[in-house]
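Read through the structure below, which is laid out as structure tokens, and then see the notes.
Each reported figure results from applying straightforward, stated rules to the coordinates on display, with no laboratory input. Nothing here was measured: the structure is a model prediction, and the numbers come from that model. Positions of Cβ are generated from backbone atoms using ideal geometry, with glycine treated the same way; all protein chains shown enter the neighbour counts.
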Amino acid sequence: MPSEGLEQTLRRRVRLHNNPDTRTLSIRLVSLIKRSMISKMGTKHFRPMVERWRWLEPTFAPAVQFRTLHNSWRTRMH
């Protein structure tokens, strides 16, 4: 399970997303190395986590990107 702070932030963003002035069109999460992203998120599989965010609001953040600081690893989910 992702850190509580991230979950709270995303839930707040989903609520804000419902207002056309504060829509969330993309999310980019960056870590120093892939292993630290996996550790912080508590998962090696990011798609189920992103689908959970979108379950709250299907139009939330059509583009989600996870990547390392220097782009040695990058994954996009649409």
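Only sites in a loop by DSSP and with at most 15 other Cβ atoms within 10 Å count here; which trypsin sites (Lys or Arg not before Pro) in the chain make the cut?
Working: sites: R11, R12, R13, R15, R23, R28, K34, R35, K40, K44, R52, R54, R67, R74, R76; in loops: R23, K44.
Sparse-neighbourhood loop trypsin sites (Lys or Arg not before Pro): R23, K44.
In a fully extended conformation the segment linking D21 and W73 would gain 15.5 nm over its present Cα-Cα distance, using 0.36 nm per residue. Rg to Rh for the chain: what is it, with Cα atoms only and Rh by Kirkwood? Rg divided by Rh gives 0.96. Based on Cα contacts under 8 Å between residues 6+ apart, the chain shows a relative contact order of 35 percent. Model label sites at T59 and L29, defined 7 Å from Cα along the beta-carbon direction, differ in position by 2.4 nm. The residue list M49, T68, H17 was ranked by how far each Cα lies along the charge dipole of the chain toward its positive end, using unit charges on Cβ atoms, and T68 comes out on top. Over the residues of the chain, the helix contribution to mean residue ellipticity at 222 nm works out to -12500 deg cm²/dmol, using -39500 (n - 2.57) for each DSSP H run of at least 4.
Rounded to the nearest 20 debye, the dipole magnitude of the chain is 280 debye, with +1 charges on Lys and Arg beta carbons, -1 on Asp and Glu beta carbons, and the Cα centre as origin. Cα centroid distance between the range 22-47 and the range 59-76, in Å? For the range 22-47 versus the range 59-76, the Cα centre distance is 7 Å.
Calculate, for R11 and S36, the FRET efficiency according to 1/(1 + (r/R0)^6) with r their C-beta to C-beta distance and R0 30 Å; round to the nearest 0.05. Spell out each step's value before the answer.
Working: r = 23 Å, r/R0 = 0.77.
Step by step, r from the Cβ atoms, then E = 0.85.
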